[in-house]
Amino acid sequence: MQNIRTEVIVVDPVYPEPSVIGRAATLLHDGEIVVFPTETVYGLGADAFRPAALERIFVAKGRPFSDPLIVHIAEERTLELLTTSIPEQAKRLTQAFWPGPLTLILPRGPHVPHLVTAGLETVAIRMPRHAVALALIRALGSPIAAPSANRFMHISPTTAQHALVDLAGRVPLILDAGPCEVGVESTVLDLCSDVPRILRPGGVSLEALRKVLPDVQPPMRSKKASENEDIVAKKAPGQLVTHYAPTVPLLLFDGAVEAIRASMLAEVQRRCAQGECVGVLVADEDVHVFSESGALIYALGSADEPVEIAAKLFAGLRALEEAHVQVILCRNFGEQGLGLAIRDRLLKAAGGKVFG
Ligand code: TXA
Ligand code: MG
């Protein structure tokens, strides 16, 4: 398992070549795992109805079996294979957001393997809007279960190269369709509790969901990180505070923009004076503040454009990590729109701690 040859094949993101899709589908059909692009992040897929193939996902990622997988479908009628009931709310949401970055938690159908659901009585389902993902699911003729294509606890991959860094020698094939459009994972929405609640903020914003279902609740929050972990661990295994960890420590700065800049700069200067190699993850508008500071700067885009920031976020974290900085300092970007998902990922990378 550890040292198989990993082939990377380039595929057209809009009009995927049938020969390439056929090759990947044959591997999946034979019980193999394949890395493929979605509009959010790259996924590590297996036929959702083949337990032996599903097991390979967990082995390749080093992921515990207690962490359930999302099932990816290409037609809405496939829902009937996977769930026992499709509530009215689900119909309205799928009409508005599928194909797209919204995962729905629904009652598990009797044929869904326990490896997919980690023994839960619910199943996570989404219809991605990436042409390669849809073509692959259709060519296989079966839903594809897929987590993000990173090693367990690492940052999700938004390019094929990111997936290769994490999974080289562990998967036979990576389909390379270029960078993912959204850049953060799908929004996971629980439709099995009393009120629909976001378990993981993601590519579809709370505001957008509320336009369709006004009573959608934001993710649970608690002042104490440990309490939060408790609540989250029960409802959404795999959503622990330390889930998205770069291999270097990340310090997250919160507050008003001017205050954030001042305290980040002071911290950068203090660390640089001690000979530390510091990386900063900031908005384009902040770059001038740090240009003489000695820190390595990665600009994510305009602070007014959370969509742009989200698209570059994971690439930024990985770029600084690969540049061997000893610490990453990052600013907060607010909670509007995709800001909520950005903040969630940064908080997790920071182990739940915030400065300022
Ligand atoms: O955008 C995405 O969602 C990407 C692409 C590949 O589709 N996938 C992804 O999968 O992020 P993964 O495994 O890294 O994260 C899925 C999360 C898990 O952490 C888990 O908490 C939640 O979805 N999940 C899966 N099944 C669930 C269930 N039955 N109940 C509650 N949460 C569930
Ligand atoms: Mg993941």
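The values are calculated or read from the model by the stated rules, or taken from the named source; none is laboratory data. Quantities reported herein were computed from a predicted structural model and do not represent experimental measurements. Note that each Cβ is placed from the backbone with ideal geometry, even for glycine, and that neighbours are counted across all protein chains shown. Surface areas here come from the heavy atoms of the whole protein model, side chains and all, with no ligands, DNA or RNA. Shrake-Rupley method; radii C 1.70, N 1.55, O 1.52, S 1.80 Å.
Averaged per residue, region 57-162 has 36 square angstrom of accessible surface, using a 1.4 angstrom probe with ligands and nucleic acids left out. Qualifying GluC sites (Glu not before Pro) in region 6-109, where qualification requires a DSSP coil assignment and no more than 16 other C-beta atoms within 10 Å, comprise Glu75.
Please identify the chymotrypsin sites (Phe, Trp or Tyr not before Pro) of region 1-110 that satisfy two criteria: DSSP loop assignment and at most 16 other Cβ atoms within 10 Å. Which are they? The partial results should precede the final answer.
Values: sites: Tyr42, Phe49, Phe58, Phe65, Phe97; in loops: Tyr42, Phe49, Phe65.
Those satisfying the criteria are Phe65.
Shown for region 1-138: the carbon plus sulfur share of the solvent-accessible area, taken with all protein chains present and a 1.4 angstrom probe, equals 55%.
Can you send over the carbon and sulfur percentage of the accessible area for region 250-355, probe radius 1.4 Å, protein chains only? Show your work: numbers first, answer last.
On the way: 2320 of 4270 Å².
The C+S portion of the solvent-accessible surface of region 250-355 is 54 percent.
Counting only protein heavy atoms and using a 1.4 Å probe, the accessible area of Ile260 comes to about 10 Å².
Just to make sure I understand: if all protein chains stay in place, what is the order of Met220, Met127 by accessible area at 1.4 Å, largest first? Before the final figure, lay out each step's value.
Working: Met220 85, Met127 15 Å².
So, going from the largest accessible area down, we get Met220, Met127.
Taking the three principal axes of the alpha carbon atoms in the chain, the coordinate ranges are 58, 48, 34 Å, sorted in descending order. Annotation for region 263-356: GluC sites (Glu not before Pro) lying in DSSP loop with at most 16 further Cβ atoms inside 10 Å of their Cβ are Glu276, Glu292.
Summed over qualifying helices (DSSP H, 4 residues or more, each -39500 (n - 2.57)) and divided by its residue number, the chain shows a 222 nm mean residue ellipticity of -10500 deg cm²/dmol. Pairs of Lys residues in the chain that lie 8 or more places apart, or on two chains, and have C-alpha atoms under 19 angstrom apart add up to 13. Rounded to the nearest 10 degrees, the inclination of helix 306-322 to the longest alpha-carbon principal axis of the chain is 80 degrees.
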